[in-house]
Every structure is written in structure tokens, then in C-alpha cells.
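All of the numbers you see were taken from the coordinates with simple rules; none came from a lab. Note that the coordinates shown come from a computational prediction; the quantities given were computed from them, not determined experimentally. Note that each Cβ is placed from the backbone with ideal geometry, even for glycine, and that neighbours are counted across all protein chains shown.
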Amino acid sequence: MVAVAIALGPYQLAARDLFAFLVAKVTGAASPLPAPAETVILQIRLPRVLAATAVGAALAASGAAYQSLFRNPLVSPDILGVSAGAAFGAVVGIFLSLSVLAVEATSFAGGLAAVIIVYAIATAIRGRDAVLVLVLAGVVIGALFGAGVGLLKYLADPYNQLPAITFWLLGSLAATNPRDLTSLLPAVAIGLVPLALLRWRIDVMTLGDEEATALGVDTRMLRIVVIAAATLMTSAAVASSGIIGWVGLVVPHLARLTVGPAFTRLLPISVLFGAGYLLAVDTVARTLGTVELPLGVLTAALGTRRCFCGSWPSAGARPGRERAAAND
Amino acid sequence: MALGLQPAPGLVVSAPRLTIEDLSYGYPGYVVGHGISLTVGAGEVLCVLGRNGEGKSTLFKTILGLLRPRAGTLRVDGEPIAGWNPRRRALTFGYVPQNSGGTFPFTVAELVLMGRTAHRGPFAAPSAADREAAEEAIATLGIGHLAAREWVRVSGGERQLALVARALAQEPRILVLDEPTAGLDFGNQVRVLDAVRSLAETRALSVLLSTHHPEQAFACADRVAVLVGGELLRIGTPAEVVTAETLAACYSVDVAVLPVADNQYRVCVPRAYLE
């Protein structure tokens, strides 16, 4: 799939040439391809393909972790305001006419800041259902940052900044360069490790705080670690690609329908589905027309279709798995 | 991290398994019950009676450490447990909640295996010993045929048995069951109570359970505690405590407690039905 994605694009590459090139790279022999082809592969296609897989994997993994943590299959990684915070950070960066790299940095910082504020508010309010307070604080802070984005759009220069803001908010991997990967890939790797290590504990968290505590889990600590890991991944993903909806919501849901709710299987399958899904969508986005389609638009359009085709028939065959439990 | 170790072998533990001294419990700014003192010994089943909203669940959650006591002391084998971490508590207390919060379709086997959480480190996968303990717990409760089923899709009684199996896989010394027979059919009520009774006897488990059927005290309990108005009204053997007088004080219903089978068992019938 990765090879196909590298081969496809306005600059045609034959599968045989690509293979020969990779072999040459690995063995250290002279490249059989002309210099422009090599540039296309190394500077444009490969970074973009890697970014698409990493962003897809990150969003799907965070979504899976949050759905388990918040015991709700309809939760997405931006429930605690990551996307709104990252969007606000990016918009501030664009508004101040910062460089592309600086915009990514402000976006990353915005995403982290939003979640830290949300967590601080939730910790300050004691004696209530911790999960409920977190989600409510996330909604409130998300709305606040959303209002900030609206204000800056209103104030932005309509010829220069506003289109840049709009395109950023629609999500795209078009601007990916090798340097982005040096921050994106480590962030995703660092985020995935605790989730993978804590997979059995995360299963227990789906039972709710009281039961998990009674089974011996330090729920407060586990929640902090999972939120930190998911926030790191999501912020890095949003910072490098803008806001891409649906992957973090639909992919973990499909993965759960495929392999069940146990995080040991749910996490790797979500990562695979997410990476494959976003890679496929991104490849379509840049090859379908002469003008590149915004990634956020495509994922939402395909996500809706997938949701109908993917989860409804199985929900019909096994009526309302989650609903059955809620009604008892 | 404190280790959840059992007392050293050979150590003679003279204190009761669980001691509750002058306990007040409730929520911040709101006391539900106060002045509760009682003990539960090894192998003893204590049945807690009280009307709806009396705070039986709150009392249990306080004993389990899910709520902070407002006042008073809890001891296990004489040792105060106030500073225990969740893991150490989970190695001592097994909990069967009234309503499980789980909504994801784990299988019964996966659910029971979660009972082993406290027995391994935070990153560790379940070991062969963990799986064995879970399988044994499933076998003990006779729900092997359910192991591969999604636990949110089995019947209420089967789900209750699965939760008891999970608590059993935990290998606790004290088992706390919050209305384990609520919502179960007659046969499943009998099965759950029989399982609890025999576990207390065969494994010397201390058991605390709440129920809304006073008769069940005769079926499974060594002692009965009755909560009225946030206080411990009476505690004693079922024959001493489950009387017309106590039940009237507890439930505001005029009840006849009638002996059957040579006084081995007693039934509780509202007097209005006998006229």
C-alpha cells in the first residue's frame, strides 16, 4: 500500500523503477532513476506517505484510547479540546504571519494548552464524577477556543490570511516535508508506547472508576498517562496536517466491531486501520483531480459512507451491543 | 509501592478479619450513616438489611475505600487500612457491585480475567497462573458455558454470577456484595446465595452482603446487621435480629416471621396477607 501510494501521482513512477530504486538505496548502489524522480520520492512522496500513515495511526490510537477511557464509543480524540486548541494556536500563528514551522509549533502548543487547562479545571472541581467533569470542561474550553478562532478569522486579512486559515482548518498533508517527520514520528511513537504497555489496565478502566479502583487500578494516575499520551499524538498530528475529522471516531469503532473491545487487539487494529485509511484517502485526495481535495472534507465524506455501510448491517445483525447494556 | 502481602505464615491473627470502629460515612458535606461499629470474622457471612436509600451501598463503598470515611477506623486483621493503595485493597477486598458500569462487549472470560488485575504489575499481561485462576473461578460458579459469550448480552443472573466469579478470581479475603440477588429470578437468587455461602465455608472468606429479602439472612448469613436512620439498629444471629419487631422498625411494615422445617428456616409474611 505504501509502495502504491509512493508510485501514484502527477509524476508517474513505474513500479519496477521504484523497486529498483529501493533496492539500490538499501544496497548502497548508484540510483537507477533520474535525479527528478529521486527528488519526488525522497522529498515529496515518501514524507507525505509516512506523514499520512503516522497521522492516521495517531488519530485512531488516541480515539481508541479515549473511547475506552471515557467508556463511550462515540468519543473522538478532540473531546478534551485538543483540536480546538491546536486550531486556535495555528490560527494565531497564521494571523501573526509566522513561518510554516512556527505555525506548527503554535498549533502543537495550543493543543497541549487546551488539554492542560481542561485537566486543571477538572481537578479543581472535586467530589463529582471525574469523567463527566472532564468531558464538560473539554466542551467548554473547546467552545472558548472555537470562539477565539472565529474572532481571529473575522480580524484576519481576507486576501492573504483568511484563505490560509481556511485551508489549514480543512486539513491537508500537502505541505509535509522531511523536517515535519522529525517531530511527528517521535511524538506518535512516544504516545503509542504507554498505550501499548497499559493495554490491560485500559480494559479495566472501561468498567468505570469505582469498579476499576476496586479491582486495584490507580484510576487517577492511569487517566493522566492515557490523556497525556493521546494528547501528545493528537497535537502532533493536528499540528502537521490540520484538523482531520472522523478518523479518530470511526476507525476505532470499526476496529472494535472487527476484533472486539479488548485493547490488546483494539490498539494494533486501530493503528493499522487508521494508517491505511488515511493513506488511502490522502492518495485519493492528491490524485483524483488536478486540484487537490481537502483531506478533512474527504475523510468526512468517506467516513460517513463507511459508517453506514460498515457498522449498520452488523449493528442490525447483533442489535445494539452497547444499547443492550445501557438499558439493563 | 506498598505490597499487598498476606500476613506471614504461622502468624496467629487473633483480631477479627474486618473491624469497623465508630465509622461515619457519606459524601462531602453530607453524612449518610454514623457510629457504625461491627466486626466480621474469617468464614463469616454478614447480611446487611436496610430500606432503600439507607446507605448500604455507601457503607460498602466506604469499606472498600471508594469513598473516604467521614470519621472512624477500618482495620483488616488489626491493621488500619486508611493508607492502603487501590492495589493492596484489591488484594484484600473483592467487590460485586450492584450495577456494573461496563458497557463494552467483553466476553465473560475476559471480564473474569480482569479480576486478576491487582495480582500483576501495571504493564504486565495476564500470566498462565492468572488465566488458570480465572478459569477456576468460572468453573466454581458453573458458568463455563458462558465463557465465550459477550457479558453484556447474557441474562442478569448470569451476569451476576460472572461478577461473583470476577471477585473470586481476585482471591480476596473479604468479599463485598451489593444486593447480589437484585433483579434475579428465584432460581438464580438461590444459586448466587448458595455460591456465596459455600465460598465463605470452603475458603474462609469473610462476606458482607446487602439484600432486600430478610428471609435470605436465614439462608446464607451467620449474622445480620440492620441499618435504620443511618445507625446500626441491631446486629446478631438471624434468629435474634430478623424478628417482627426489627422488621417493623426497619421497613415500617407489620410482618409475621414464621418458623418452618423445625425452626431451621423462617419466612417473613406481611400480616395483612394472613388475615
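A compact table of results
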{"read-out": "Charge sum, other residues only, whose C-beta stays under 12 Å from A:Ala37's C-beta, Lys/Arg counted +1 and Asp/Glu -1", "value": "-1"}
{"read-out": "Prolate/oblate/rounded label for the protein assembly as shown (Cα gyration tensor, a/c 1.5)", "value": "prolate"}
{"read-out": "Diffusion constant of chain A at 25 °C, which comes from Stokes-Einstein with the Kirkwood Cα-pair radius and 0.890 mPa s, µm²/s", "value": "119"}
{"read-out": "Label-point gap, in nm, between A:Leu272 and A:Val284 - each point 7 angstrom along Cα→Cβ", "value": "2.1"}
{"read-out": "For the range A:62-187: Kirkwood Rh in Å [reciprocal of mean 1/r, alpha carbons]", "value": "15.5"}
{"read-out": "5 angstrom amide H check on B:Arg120, placed H, neighbours 5+ away", "value": "none"}
{"read-out": "Cβ-defined net charge surrounding B:Pro259, 13 Å radius [Lys, Arg +1; Asp, Glu -1]", "value": "-1"}
{"read-out": "Ranking of B:Cys47, B:Cys220 by count of other Cβ atoms within 10 Å, fewest first", "value": "B:Cys220, B:Cys47"}
{"read-out": "With Cα atoms, 0 to 90° folded angle of helix A:46-69 axis to chain A main axis", "value": "10"}
{"read-out": "Scattering profile of chain B at q = 0.11, 0.16 Å⁻¹ [log10 I(q)/I(0), Debye over alpha-carbon scatterers]", "value": "-0.64, -1.32"}
{"read-out": "Shape call, the range B:177-231: gyration tensor on alpha carbons, a/c limit 1.5", "value": "oblate"}
{"read-out": "Residue-wise HN-Hα coupling along the range B:32-46, computed from phi with Karplus coefficients 6.51, -1.76, 1.60 (Hz; x: Gly, Pro)", "value": "8, x, 8, x, 8, 10, 7, 10, 10, x, 5, x, 9, 10, 10"}
{"read-out": "Residue range of chain A that is longest and free of chymotrypsin sites (Phe, Trp or Tyr not before Pro) which are both DSSP loop and sparsely packed (at most 16 other C-beta within 10 Å)", "value": "A:160-328"}
{"read-out": "Dipole-positive endmost among A:Phe167, B:Val112, A:Ile44 within the protein assembly as shown (Cβ charges, Cα centre)", "value": "A:Ile44"}
{"read-out": "Relative contact order, percent, chain A [alpha-carbon distance under 8 Å, six or more residues apart]", "value": "27"}
{"read-out": "Sequence-distant aspartates and glutamates (8 or more away, or on other chains) whose Cα lies within less than 12 Å of B:Lys56", "value": "B:Asp178, B:Glu179, B:Glu231"}
{"read-out": "Degrees, to the nearest 10: A:15-27 long Cα axis against longest axis of chain A", "value": "80"}
{"read-out": "Per-residue Cβ neighbour rank within 10 angstrom, fewest leading, B:Glu245, A:Glu211, B:Glu179", "value": "B:Glu245, B:Glu179, A:Glu211"}
{"read-out": "Cα-projected label distance for B:Asn99 with A:Leu22, points at 7 Å along beta-carbon direction, nm", "value": "5.3"}
{"read-out": "Exposure proxy order (Cβ contacts within 10 Å, fewest to most) of B:Lys56, B:Lys61, A:Lys153", "value": "A:Lys153, B:Lys61, B:Lys56"}
{"read-out": "Distance from the range A:133-154 to the range B:73-98 (C-alpha centre basis), Å", "value": "42"}
{"read-out": "Unit charges on C-beta of K, R, D, E only; dipole of the range A:2-312, Debye", "value": "320"}
{"read-out": "Cβ-based net charge around A:Leu181, under 13 Å, with every Lys or Arg adding one and every Asp or Glu removing one", "value": "+1"}
{"read-out": "Rounded, prolate or oblate (a/c below 1.5 giving rounded, otherwise prolate when a/b exceeds b/c) for the range A:56-104 by Cα gyration tensor", "value": "prolate"}
